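Okay, so here's the structure we're looking at.
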Amino acid sequence: KDLIVCFGEMLIDFVPTVSGVSLAEAPGFIKAPGGAPANVAIAVARLGGRAAFVGKLGDDEFGRMLAGILRDNGVDDGGVSFDTGARTALAFVTLRADGEREFMFYRNPSADMLLTEGELNLDVIKSAAVFHYGSISLITEPCRSAHLKAMEVARQAGALLSYDPNLRLPLWPSAEEAREQILSIWDEADIIKVSDVELEFLTGQESVEDDVVLTLWRPAFKLLVVTLGEKGCKYYTKDFRGSLDGYAVDTVDTTGAGDAFVGAMLRKIVDDQSVLQDEGKLREVLKFSNACGAITTTEKGAIPALPSEPAAVELLKRN
Ligand code: ATP
């Protein structure tokens, strides 16, 4: 069993053609397909792994384009449903001068939010070795129930559950609601990846020190990773913990770095689950994940920038 099933949203980011401008000032936009769980699926496939995506798209030009992108990248789209009423989600994303992003979403509601339990492709979910998800699919019904059902089915079928909350605060009714819902499924994961920003949001503390991170640790976790942007990552298991530096690259757009990191990590874990018990092996996996994250920042958009295995190996060799 080596299939990585990614559940959640797939959408189109509209990214300004020039950096460092507001949406109003942007002279034009480039279509950049994305959605964190879909990015992770494509990241896995680009690294030679087997991936499937489960979610809902609009039965429109953009939805069909996105399903085509999954297939073109070797991701199984058998778990994709189409909504005839609602549109594929859109997000306008501004790249600030420092390369960080701001979002404006068009979801009123979008097709991804309307996935129902009954539409889940249970065969795909049951064949997962790893079932990966975020928190955007928890925001509204009926998708929330579909998400919870899919987690349950995957768990019962023996999959490892992987969670990257991917906080998008503007999509939630309030910060309190976001925190509460993100943490409502916290304890069920085997593997969690959070960014430093999410760590601060969830703990209410402006620190990535171990004592702060460990307030998010649960006894049943197999791995908790905190990504630190260009500074790399920290990792925690029940037996060991440590950190790894990132790789210096010419960053133009950080979109998808976290997804590339997660895809790389899951790709390696599914190949050899003993990395979760062996610190030496885990460090190699996370170096590779850091390299994949770094490479993804060197081009605009997430999907075009996701690396192949040789590209990541090449960056590791140079360092
Ligand atoms: P995303 O931008 O996809 O939301 P994230 O906030 O979830 O990402 P980050 O911590 O920004 O996650 O990045 C994930 C990983 O990608 C980092 O741990 C690091 O290895 C790599 N990375 C991110 N930004 C840079 C950068 N500017 N230079 C080098 N590596 C980077």
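The values are calculated or read from the model by the stated rules, or taken from the named source; none is laboratory data. Every value quoted in this text rests on a predicted model; they were computed, and no experiment measured them. Every residue, glycine as well, gets a Cβ built from its backbone with ideal geometry; the counts of neighbours run over all protein chains shown. The area values use the complete protein model at the heavy-atom level, side chains included, leaving out ligands, DNA and RNA. Shrake-Rupley method; radii C 1.70, N 1.55, O 1.52, S 1.80 Å.
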Exactly one condition in (1) open to solvent by less than 30 Å² (accessible area, probe 1.4 Å); (2) closer than 27 Å to GLN273 by Cβ; (3) not aliphatic (A, V, I, L, M) is not met by GLU188; state its number.
-> (1)
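Of the residues ARG267, ARG168, only one is modelled with pLDDT under 95 and either surrounded by 17 or more Cβ atoms within 10 Å (Cβ to Cβ) or within 9 Å of the ligand (Cβ to nearest atom) (or both); which?
ARG168
Can you find a residue that is crowded, with 23+ Cβ neighbours inside 10 Å, in a strand (DSSP E or B) and touching a strand residue (DSSP E or B) at 6+ places or on another chain (Cβ under 6 Å) anywhere in the stretch 14-26? Walk me through how you get there before you give the answer.
Here is the first cut: in the stretch 14-26, the residues crowded, with 23+ Cβ neighbours inside 10 Å are 15.
In the following step, the residues that additionally are in a strand (DSSP E or B) were identified as 15.
Cutting the leftovers down to touching a strand residue (DSSP E or B) at 6+ places or on another chain (Cβ under 6 Å) gives us 15.
Within the stretch 14-26, one or more residues are crowded, with 23+ Cβ neighbours inside 10 Å, in a strand (DSSP E or B) and touching a strand residue (DSSP E or B) at 6+ places or on another chain (Cβ under 6 Å).
Within the stretch 181-253, considering only strands (runs of 3 or more DSSP E) that don't extend past its boundaries, which have at least 2 residues that are more than 10 Å from the ligand (Cβ to nearest atom), aliphatic (A, V, I, L, M) and touching a Ser or Thr at 6+ places or on another chain (Cβ under 9 Å)? Full working, then the answer.
Numbers: elements: 191-195, 223-227, 233-236, 241-244.
Counting at least 2 such residues, we get 191-195, 223-227.
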Among (1) closer than 16 Å to GLY256 by Cα; (2) open to solvent by 30 Å² or more (accessible area, probe 1.4 Å), the one test that GLY48 misses = (1)
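Given the criterion farther than 27 Å from LEU160 by Cβ and modelled with pLDDT of 95 or more, identify the matching residue among ARG87, ARG101. Break it down stepwise before answering.
Working: ARG101 fails: modelled with pLDDT of 95 or more.
Exactly one of ARG87, ARG101 is farther than 27 Å from LEU160 by Cβ and modelled with pLDDT of 95 or more, namely ARG87.
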Could you please give the count of residues in the stretch 51-71 that are open to solvent by less than 20 Å² (accessible area, probe 1.4 Å) and not in a strand (DSSP E or B)?
-> 6
Sole exception among (1) under 19 Å from the mean Cα position of the chain (by Cα); (2) modelled with pLDDT of 95 or more for LEU114, by number = (1)
Cβ pairs under 8 Å, 6+ apart or interchain, first in the stretch 108-123 and within 17 Å of ALA154 (Cβ to Cβ), second β-branched (Val, Ile, Thr) and open to solvent by 40 Å² or more (accessible area, probe 1.4 Å), ordered by first then second residue, are none
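Got a number for residues in the stretch 110-135 being of a type outside the set (S, T, N, Q) and open to solvent by 20 Å² or more (accessible area, probe 1.4 Å)?
In the first step, residues of the stretch 110-135 are kept if they are of a type outside the set (S, T, N, Q); the result is 111-115, 117-120, 122-126, 128-134.
Now narrow it down to the ones that are open to solvent by 20 Å² or more (accessible area, probe 1.4 Å): 113-114, 117-119, 122-123, 126.
The total comes to 8.
Taking the criterion of being within 16 Å of the ligand (Cβ to nearest atom), charged (D, E, K, R) and either within 30 Å of ASP2 (Cβ to Cβ) or not in a helix (DSSP H, G or I) (or both), would at least one residue in the stretch 137-144 satisfy it?
If we filter the stretch 137-144 for residues that are within 16 Å of the ligand (Cβ to nearest atom), which is where we start, we get none.
No: the stretch 137-144 contains no residue that is within 16 Å of the ligand (Cβ to nearest atom), charged (D, E, K, R) and either within 30 Å of ASP2 (Cβ to Cβ) or not in a helix (DSSP H, G or I) (or both).
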Could you tell me whether THR84 is open to solvent by 50 Å² or more (accessible area, probe 1.4 Å) and β-branched (Val, Ile, Thr)?
-> yes
Any residue at all in the stretch 253-262 that is touching a residue at least 60 places away in the same chain (Cβ under 8 Å), over 16 Å from GLY134 (Cα atoms) and not β-branched (Val, Ile, Thr)?
-> yes
The residue that is most open to solvent (accessible area, probe 1.4 Å), considering only those in the stretch 276-306 that are more than 11 Å from the ligand (Cβ to nearest atom), assigned to a helix (DSSP H, G or I) and not charged (D, E, K, R), is PRO304
